[in-house]
Ligand SMILES: Cc1cc2nc3c(=O)[nH]c(=O)nc-3n(C[C@H](O)[C@H](O)[C@H](O)COP(=O)(O)O)c2cc1C
């Protein structure tokens, strides 16, 4: 058994502080469009060996405006938006159906960087979800069927039993169909911000903002 670590002394949290002495960003350094720029920073995060470089914190709100956040994986991006996959009946799926706006944050702390995007969200077409689901390993496909995501369950055995039942229903070599309640969402950004940490907390923030049919790039105070 690994040793149980002592909890961190709460007073130490206020003392945690890093200086960000990294090179800044200027509008001339950024790509003409947000998705090329996002692609460059994803490449930097990957090359730097950051864990889960495509992980992003997805914030949603319910119909009453109460927020919730969790991590999801970016699975596609282009001029049309940012795509992630999930259970449409999950808490986030229900929230996005009631209130189809969200924001995502990529927390690339190892590079003293973050990027955010915010905008309207819509389910991707069924054929796009089918194609991605078909590309997943069989275990993940069965996992999507076996987890009633975000619901209360009585124990781990509920998941193990459900997984075993679906594995029997679609034995090895049989294609696993996509659950109708599982698929992609596309966030169509209205803003995409790139943040680079600088010395003395005077950071660089550059934001692409949709302005009618075009995009403006503007600097925000940190
Ligand atoms: C690194 C990481 C990646 C994740 N990727 C996904 C994902 O792509 N899709 C997903 O539904 N949940 C993903 N999760 C789990 C979610 O964070 C969350 O627990 C789950 O989707 C239920 O969220 P909800 O109850 O707010 O709907 C991921 C978690 C982590 C830590």
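The values are calculated or read from the model by the stated rules, or taken from the named source; none is laboratory data. Quick caveat, the model's predicted, so the values are computed rather than measured. Quick reminder, even Gly has a Cβ in these numbers, built from the backbone with ideal geometry, and neighbours come from all protein chains shown.
Computed quantities for the displayed model
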| item | result |
| --- | --- |
| Strands (runs of 3 or more DSSP E) wholly inside the stretch 68-171 containing at least 2 residues that are touching a strand residue (DSSP E or B) at 6+ places or on another chain (Cβ under 6 Å), under 30 Å from residue 202 (Cβ atoms) and modelled with pLDDT of 95 or more | 101-108, 113-123 |
| Where residue 150 falls short, out of the listed (1) on the phi > 0 side of the Ramachandran plot; (2) out of contact with any helix residue (DSSP H, G or I) (no Cβ under 6 Å at 6 or more places or on another chain); (3) within 16 Å of the ligand (Cβ to nearest atom) | (2) |
| Hey, residue 135 more than 18 Å from residue 93 (Cβ to Cβ), within 23 Å of the chain's Cα centre (by Cα), exposed (fewer than 12 other Cβ atoms within 10 Å of the Cβ) and without any contact (Cβ under 8 Å) to a residue 24 or more places away in the chain or not | yes |
| Where residue 50 falls short, out of the listed (1) under 18 Å from residue 195 (Cβ atoms); (2) assigned to a helix (DSSP H, G or I) | (2) |
| Lone qualifier among 45, 91, 80 - being within 27 Å of residue 215 (Cα to Cα), touching a residue at least 40 places away in the same chain (Cβ under 8 Å) and out of contact with any helix residue (DSSP H, G or I) (no Cβ under 8 Å at 6 or more places or on another chain) | 80 |
| Subset of the stretch 45-69 [exposed (fewer than 14 other Cβ atoms within 10 Å of the Cβ) and either more than 20 Å from residue 186 (Cα to Cα) or within 12 Å of the ligand (Cβ to nearest atom) (or both)] | 46, 47, 48, 49, 51, 52, 64, 65, 66, 67, 68 |
